[in-house]
Amino acid sequence: MTYAAPQARPRGGRPRTPDIFDERTHRIARVAVPLVMAVVFGYWAAANQRYGGPITVGNFLFGFLSGIVFFVVYLALQAVAPKLRREMHAAAWAAFIGSAVGFLVSQSNESVLRCIWLGLIVAAGSFVLLFYRYYTREDAQGRRRVT
C-alpha cells in the first residue's frame, strides 16, 4: 500500500489547500463560467420581459443582447477589479450584482422604486460579504496574503 508523502508546510505553519485542477482548467473556467452565467441571465431577462407569453424574435434578441452585455461587463470587471483596493474591489462587484438584479426585476413589470430598492439591498448585502472576504484574504493594497 502506498501513502502520500507529507507536504512541507509553508512558513505560516498551516498546510496549503491542494489545487485539484490544473492551470488549463482554471483558464477555461475564467471564460466558461461567465459565459454560462450570461446565457442564464439573458434567458432570465427575456423570460421576465415576455410575462409568460410566446417567444418572439424581438424577445430572443433582447435576451441575447442582455447576455452579451452581462458577459462583457463581467469580463471587464474580472480584469479590472483585482487591481483595486479591497474596498473598491468589493464595491465594484457589489454594484455589478445589484444592478444585474435591479435590471432583472425591472423586466418583470415592477415599479421603478421596487427595482431600485431590491438592487440596493442586494448590492449592500453583496458588499458586506465581499468586503469580509477580501478583508480576510488581502492586505490594504489589494495583494493576496500568503499564509
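Taken over segment 47-62, residues that are free of Cβ contacts under 8 Å to residues at least 60 places away in the same chain, within 18 Å of Cys115 (Cβ to Cβ) and not hydroxyl-bearing (Ser, Thr, Tyr) amount to 4. Counting the residues of segment 42-99 that are within 21 Å of Arg30 (Cβ to Cβ) and not aliphatic (A, V, I, L, M) gives 12.
Screening Ala94 against (1) modelled with pLDDT of 95 or more; (2) of a type outside the set (Ser, Thr, Tyr); (3) open to solvent by 30 Å² or more (accessible area, probe 1.4 Å) leaves a single unmet condition, (3).
Can you spot a residue in segment 2-15 that is modelled with pLDDT under 95, polar (S, T, N, Q) and surrounded by 12 or more Cβ atoms within 10 Å (Cβ to Cβ)? No, segment 2-15 has no match at all.
Of all the residues in segment 101-133, those that are assigned to a helix (DSSP H, G or I), out of contact with any Gly (no Cβ under 6 Å at 6 or more places or on another chain) and open to solvent by less than 40 Å² (accessible area, probe 1.4 Å) number 5. Restricting attention to segment 36-68, the residues that are surrounded by fewer than 15 Cβ atoms within 10 Å (Cβ to Cβ) and within 16 Å of the chain's Cα centre (by Cα) add up to 3.
The values are calculated or read from the model by the stated rules, or taken from the named source; none is laboratory data. Because the structure is a prediction, the values reported are computed rather than measured. Glycine gets a Cβ as well: all are built from the backbone with ideal geometry, and neighbour counts include every protein chain shown. Calculation scope for accessible area: heavy atoms of the full protein, side chains included, ligands and nucleic acids excluded. Shrake-Rupley method; radii C 1.70, N 1.55, O 1.52, S 1.80 Å.
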